[in-house]
Amino acid sequence: MKEVKTKNMKCLVKIYDTNQINNLVSILAFKPQTAIFLYDKNKKRENLEYLEKACIENLPNLNFEFYAIDIQNLDSIKKTCRKIIKSNFECAFDITGGDELSVIGAYLACADSSIPIFKLDLESGKFINVAQSELLSNEFNLPILNLKTILMSKGATLENGLHPTPDEKQFGSILSFCDKIFKNIDLWKELCSYIQFGMKDCGSVHKELKFDCIKEINDIKSKLPQGSEIILEYAAELGLIKDLKLSDERVSFQFFNENIKRYMVDFGSWLELYTYISLVKSGLFNDIKMSAQIIWGGIKENRELKENKGSSVENEIDVSFFHGITPVFVSCKISCPDSEAIQELDVYSNYFGGKSSKCILVTTSDVKEESPRVLKRAKEMGIEICDYFCIISGKLVEKIQKILQYYTKK
């Protein structure tokens, strides 16, 4: 058997798969000097170029080569594989995700030359030794993936979205405030509306951190709601706002900083904050991002995503993270979710990870009682829901763990 040193693997040959995660894992795990891809000659090379860019972002010295094959001609596939082996004898073949004839052709070519050939079961994270790959199996470890790499492999870039990432020093205060407003959602919605109108009324919505406004703004819907003073006082106690003054006619205070200001004038941002901070504090997941915005390069096949209007900011993912190599997309709905929320998650999942990804809808509503249709539709589409009871009990992370463990075992 020809020994392939994984710590300095010279060449890894792969069959291109439409699921880019299948293409990325072994390259990022073994870090070869050269990656060679066999691809269907009838397909465009555009996605291959995106994949190359994503891999080189992580492995700057990686050399890429592409070989077009006729996936319906077994003899042609074998001939191409033998040609590659002849030029790169110290190589290994990864047949993960390959179509049937390409896999057979690669296997036959490797068998003739005693070349290692393997595949990966990404659902379980297992290395499968098809032939001659014992040494590779012993040294294989799953790589750490991130959202930037996945997006880049699909021709997209990652930018900050509508809601800024919170400062770790404020995690405790933000979580405490979340607990308060989640138990008083209707009151918080009215108070948030008042703060929004008040910032506009005093002309400082984009200029400063000071809020100073009469209790009853001209808009009848935007007066200070009865009983909301207790929420403002709690925000002051937590340090989210300061210099709070409540008189019979006016309300004034100062936001702690620009980020807190942006949160306080956005009714829905707090569920994203709660989810993000809970995941970060757990220490169980990787590459946790909040309000990640996807920027596309005008590619025709990305129209489905570009035209999706499921979120307030086009193509913005509320929260995302990785569980091993599994990308998880989370949609946060502080009000009762509708069918668009489900569809939004399904689009991201199918496009970025397919079976390799998971989707979770987090909501402060009681979906079973308020929207049984959404619950049914989510179940049909394999989308899990963490609802009001999960959040109020403080078991959001525990529920997410169980969801991911279930799918891993399954």
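For segment 238-290, the tally of residues that are part of a loop (DSSP other than H, G, I, E, B) and of a type outside the set (Ser, Thr, Tyr) stands at 13. Residues in segment 138-189 that are within 16 Å of the chain's Cα centre (by Cα), crowded, with 18+ Cβ neighbours inside 10 Å and among the hydrophobic types (A, V, I, L, M, F, W, C): LEU145, LEU147, ILE150, LEU151, MET152, ALA156, LEU158. Every condition in (1) hydroxyl-bearing (Ser, Thr, Tyr); (2) more than 38 Å from the chain's Cα centre (by Cα); (3) closer than 18 Å to CYS11 by Cα holds for THR96 except the one numbered (2).
Condition check ((1) aromatic (Phe, Trp, Tyr); (2) surrounded by fewer than 17 Cβ atoms within 10 Å (Cβ to Cβ)) across all residues:
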{"residue": "ILE231", "(1), (2)": "no, no"}
{"residue": "GLU237", "(1), (2)": "no, yes"}
{"residue": "LYS245", "(1), (2)": "no, yes"}
{"residue": "PHE255", "(1), (2)": "yes, no"}
{"residue": "TYR274", "(1), (2)": "yes, no"}
{"residue": "MET290", "(1), (2)": "no, no"}
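Please find, within segment 101-113, the residue that is farthest from SER133 (Cα to Cα) out of those that are out of contact with any Lys or Arg (no Cβ under 6 Å at 6 or more places or on another chain) and open to solvent by 50 Å² or more (accessible area, probe 1.4 Å). Ranking the candidates gives LEU101 first. Can you pull out every residue in segment 65-93 that is of a type in the set (Asp, Glu) and under 14 Å from LYS14 (Cβ atoms)? Passing the criteria: only GLU65.
The values are calculated or read from the model by the stated rules, or taken from the named source; none is laboratory data. Here the structure is a predicted model, which is why all the values come from computation and not from measurement. FYI the Cβ positions are ideal-geometry reconstructions off the backbone, even for glycines, and counts take in every protein chain you see. Ligands, DNA and RNA are excluded from the accessible area calculation, which covers all protein heavy atoms including side chains. Shrake-Rupley method; radii C 1.70, N 1.55, O 1.52, S 1.80 Å.
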